Amino acid sequence: MKSVRVWECGRRNSHTPIPPYAEKIMLTIDGSHGEGGGQVLRTSLALSLVTGKPFRIEKIRAGRKNPGLLRQHLTAVNAAQTVSQAEVAGDSLGSRELEFAPGKPQAGNYSFAVGTAGSATLVLQTILPALITAGESAIALEGGTHNPFAPPFDFLARSFLPLINRMGAHVTAQLERPGFYPAGGGRFTVKIEPAASLSRIDLVDRGKILSRRARAIVANLPVKIAERELGVIRRKLSWSSEWLEAEEIRDARGPGNVVMIEIESRNVCEVFTAFGERGVAAETVANRAAQEAKVYLASEVAVGEHLADQLLLPMAMAGGGSFTTLPLSRHATTNIDIIKKFLDVEIAVSELDRRASRVDVIAH
């Protein structure tokens, strides 16, 4: 395996022009489409690596308060460029246009640092689909691991990766230190063993609930905050105190607080999270997570809102799959639109009732 140490985001100044042949076959992506955020960019990068199709994205994050590429988005671009030796133009902070022409993704030892509290888990999800079948790889990622605007590490490790592995992948992740927003400074490692391809998975029934757990984590904050949050979880969900755990972290780079509710069923493990904010009561934070869990439990679907968004791409890569879920978020519907630009698949969404939907991914 080759070993690569990647610069922290923002240190590279030179840009490689896209070759003329790539311009003739390049897909054009509207970065303001749908939810209009970083999701459009990350899905485009991931599928460009998987399919080898170059693309040009315009109006990147046009509807956001600070449009264009932020550090975590640029780190994702740099990561995708590094694992495939892609030719890239427009890869600079604040850029609202990007051209990306990938080479063949290569297995190796990689290290990527966001340099801020921007989500390192989203950087991983940009390159993971391509590296799953590229060979044996090891990846170290630094930045935000517990960020309110992205899946936290625990969701990745407990909910998403186990399903990816059931599809035929061999991926493990280990948290070395947490990085809470806004200080960041987290680090986790990922190991990927070779897999020939992904196989379809069907999650139409969550199955019998096997375990329930709620964790309230405080970093450099009084543990009393976590205890108050767990009190809300116990009352709102009528859970036993044996299922509740308060955790203190004293060596984090900055303060942080997260409530995580884990519901493990026979076919899927769901993780619901809410993050503490300055000026927001602990009880309010815990109630957000509890309410999300209650909606999921009452619906009897297999897959929650955020996991539904994450499963679309690997199911499309596998050429098929299905799941029941809550009504799709705008993130998910945007993801569907981008996936269909790169892959010849049908993604059918049918409404089961007012609070449940079914998604079927079908290869043409």
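The values are calculated or read from the model by the stated rules, or taken from the named source; none is laboratory data. Source: prediction; values computed, not measured. Cβ: placed from backbone, ideal geometry, glycine included. Neighbour counts: every protein chain shown. These accessible areas exclude ligands, DNA and RNA; they are computed on the full protein's heavy atoms, side chains included. Shrake-Rupley method; radii C 1.70, N 1.55, O 1.52, S 1.80 Å.
A few remarks follow.
- Criterion violated by T126 - all others in (1) of a type in the set (S, T, N, Q); (2) open to solvent by less than 10 Å² (accessible area, probe 1.4 Å); (3) in contact with a strand residue (DSSP E or B) (Cβ under 9 Å, 6 or more places away or on another chain) satisfied: (3)
- Pick from the range 32-58, criterion assigned to a loop (DSSP other than H, G, I, E, B) and modelled with pLDDT under 95, ranking: nearest to V114 (Cα to Cα): G37
- Residues that are more than 19 Å from the chain's Cα centre (by Cα), surrounded by 20 or more Cβ atoms within 10 Å (Cβ to Cβ) and in a loop (DSSP other than H, G, I, E, B) within the range 225-281 comprise A252, G276, listed in sequence order.
- In the range 349-361, the count of residues that are at negative phi, surrounded by 22 or more Cβ atoms within 10 Å (Cβ to Cβ) and touching a helix residue (DSSP H, G or I) at 6+ places or on another chain (Cβ under 9 Å) is one or more.
- Complete set of residues in the range 150-179 that are assigned to a loop (DSSP other than H, G, I, E, B) and either open to solvent by 10 Å² or more (accessible area, probe 1.4 Å) or closer than 20 Å to A332 by Cβ (or both): A150, P151, P152, M167, G168, P178
- Subset of the range 117-132 [out of contact with any Leu (no Cβ under 8 Å at 6 or more places or on another chain) and outside any helix (DSSP H, G or I)]: A117, S119
- Pair list, Cβ under 9 Å, 6 or more apart: the range 163-184 residue on the phi > 0 side of the Ramachandran plot, other residue open to solvent by less than 30 Å² (accessible area, probe 1.4 Å) and among the small types (G, A, S): G168/A195; G168/A318; G184/A117; G184/G118; G184/A120; G184/G143; G184/G144; G184/G254
- Checked across the range 190-209, the condition of being of a type in the set (S, T, N, Q), surrounded by fewer than 22 Cβ atoms within 10 Å (Cβ to Cβ) and either in contact with a strand residue (DSSP E or B) (Cβ under 7 Å, 6 or more places away or on another chain) or assigned to a strand (DSSP E or B) (or both) holds for no residue.
Residue-by-condition table, conditions (1) more than 20 Å from A293 (Cα to Cα); (2) modelled with pLDDT of 95 or more; (3) out of contact with any Asp or Glu (no Cβ under 9 Å at 6 or more places or on another chain):
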site: T324; (1), (2), (3): no, yes, no
site: I339; (1), (2), (3): yes, yes, yes
site: F342; (1), (2), (3): yes, yes, yes
site: I347; (1), (2), (3): yes, yes, no
site: S350; (1), (2), (3): yes, yes, no
site: D353; (1), (2), (3): no, no, yes
site: D360; (1), (2), (3): yes, yes, no
site: H364; (1), (2), (3): yes, no, no
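- When M317 is tested against (1) without any contact (Cβ under 8 Å) to a residue 40 or more places away in the chain; (2) crowded, with 22+ Cβ neighbours inside 10 Å; (3) in contact with a Pro (Cβ under 9 Å, 6 or more places away or on another chain), only condition (1) is not met.
- Of the criteria (1) open to solvent by less than 60 Å² (accessible area, probe 1.4 Å); (2) in contact with a Gly (Cβ under 7 Å, 6 or more places away or on another chain); (3) more than 22 Å from R228 (Cβ to Cβ); (4) of a type outside the set (S, T, N, Q), which one V285 fails: (3)
- Selection of the range 64-97 for residues being without any contact (Cβ under 8 Å) to a residue 60 or more places away in the chain, among the hydroxyl-bearing types (S, T, Y) and within 18 Å of G108 (Cβ to Cβ) yields only S84.
- Residue match in the range 137-148 (condition: assigned to a loop (DSSP other than H, G, I, E, B) and not β-branched (V, I, T)): yes
- Any hit, the range 324-346, residues being in a strand (DSSP E or B) and open to solvent by 30 Å² or more (accessible area, probe 1.4 Å): yes
- Residue among R71, R56, R61, R96 that alone is over 17 Å from L27 (Cα atoms) and open to solvent by 50 Å² or more (accessible area, probe 1.4 Å): R71
- Yes/no for N109 being part of a strand (DSSP E or B) and surrounded by fewer than 18 Cβ atoms within 10 Å (Cβ to Cβ): yes
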